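Down below is the structure, laid out as structure tokens.
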Amino acid sequence: MNGVNDTTGLVLAGGQGRRMGGVDKGLQLLRERPMVEWVLERLAPQVADILINANQNQEVYARYGHPVFGDEIGGFAGPLAGLHAGLKRAARPYVLTVPCDSPFLPMDLQARLHRAATEANADLAVAKTGDQPHPVFALVRTAVLPHLEAFLQNGGRKIDTWYATLKVVEVPFDDEAEAFSNINTREELREHEQRA
């Protein structure tokens, strides 16, 4: 059982895109398509359904046919706020989070994280390459919602600090390190455009 039917995909598109000049990163074009389209295309076969967390341009994201919602915690509180809103809406035991600006995400992300989470009976499985974890590429048990809610209510915002309070398994993806390239600046967008 690879867990696809147990898993809701959550695209995190709630940031302000500050390093790209305050634009909505998921809607920036890469090879003539918005980055979020590449993300959705790679995510869809790995999950049973998809949610999109976006704090701006919600009507544009809604055109992709998935539920779209903003953070419930104000002030662009980061990926944990998006995860919190997603966990509240997910009807399946797991949520797989991916950022809207990583158009090359691994096609086996869910399968490998799910296997590791199941074997370790972990609350959360996170991808890593080398010594570097990629905290927004994670498979999270929906059951951790009350724990996350308490963390946020107490002023917590840092994803690493929250992870440290859970049973987490890190899953190596050194064979697919390039898949975690996320595009934060216009220069990086140009570089990937030229590599095509």
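Here the stretch 38-75 is scanned for amide nitrogen atoms under 18 Å from the site 7 Å beyond the Cα of Lys88 along Cα-to-Cβ, giving 51-56, 58, 67-75. Largest first, the extents of the alpha carbon coordinates of the chain on the three principal axes equal 42, 38, 31 Å.
For Phe137, the residues 5 or more places off, or on other chains, whose built amide H falls under 5 Å of its own are Ala127. Note on the stretch 70-140: Cα-only Rg and Dmax are 12.7, 37 Å. Distances between placed amide hydrogens fall under 5 Å for Gly9 paired with Ala48, Asp49, Ile50, Leu51, Leu96, all partners being 5 or more residues away or on another chain.
Longest exposed-loop-site-free stretch of the chain, with GluC sites (Glu not before Pro), DSSP loop and at most 13 other Cβ within 10 Å?
Details: sites that count: Glu32, Glu72.
Result, exposed sites excluded: 73-196.
Extension gain for Ala143-Glu178 works out to 9.5 nm (0.36 nm per residue, less the C-alpha to C-alpha distance).
For the stretch 62-138, what does the relative contact order come out to in percent, with C-alpha contacts under 8 Å and a separation of six or more? The partial results should precede the final answer.
Numbers: 50 pairs, mean separation 17.6, N = 77.
Normalised by residue count, the contact order of the stretch 62-138 is 23 percent.
Taking a straight Cα-Cα cut-off under 18 Å and skipping sequence neighbours fewer than 8 places away in the same chain, the aspartates and glutamates within cross-link reach of Lys128 are Asp101, Asp108, Glu119, Asp160, Glu170, Asp174, Asp175, Glu176, Glu178. Based on alpha carbons, the Rg and Dmax found for the stretch 46-110 are 12.0, 34 Å.
Modelled spin labels at Asp131 and His66, positioned 7 Å past Cα toward Cβ, are 3.4 nm from each other.
Per-residue ellipticity at 222 nm computed for the chain from its helices equals -8500 deg cm²/dmol, with DSSP H segments shorter than 4 residues left out and the rest contributing -39,500 (n - 2.57). For the pair Val23 and Ala120, a Förster radius of 30 Å applied to the C-beta separation gives a FRET efficiency near 0.20, rounded to the nearest 0.05. Highest mobility in the GNM of the chain, judged by mean-square fluctuation with C-alpha springs under 10 Å and restricted to Leu51, Leu166, Leu40, is found for Leu166.
The relative contact order of the chain comes to 25 percent, based on Cα pairs under 8 Å that sit 6 or more residues apart.
Here, each number is a calculation from the coordinates, and none is a lab measurement. Here the structure is a predicted model, which is why all the values come from computation and not from measurement. Ideal geometry is used to build each Cβ from the backbone, glycine not excepted, and the neighbour counts take in all protein chains shown.
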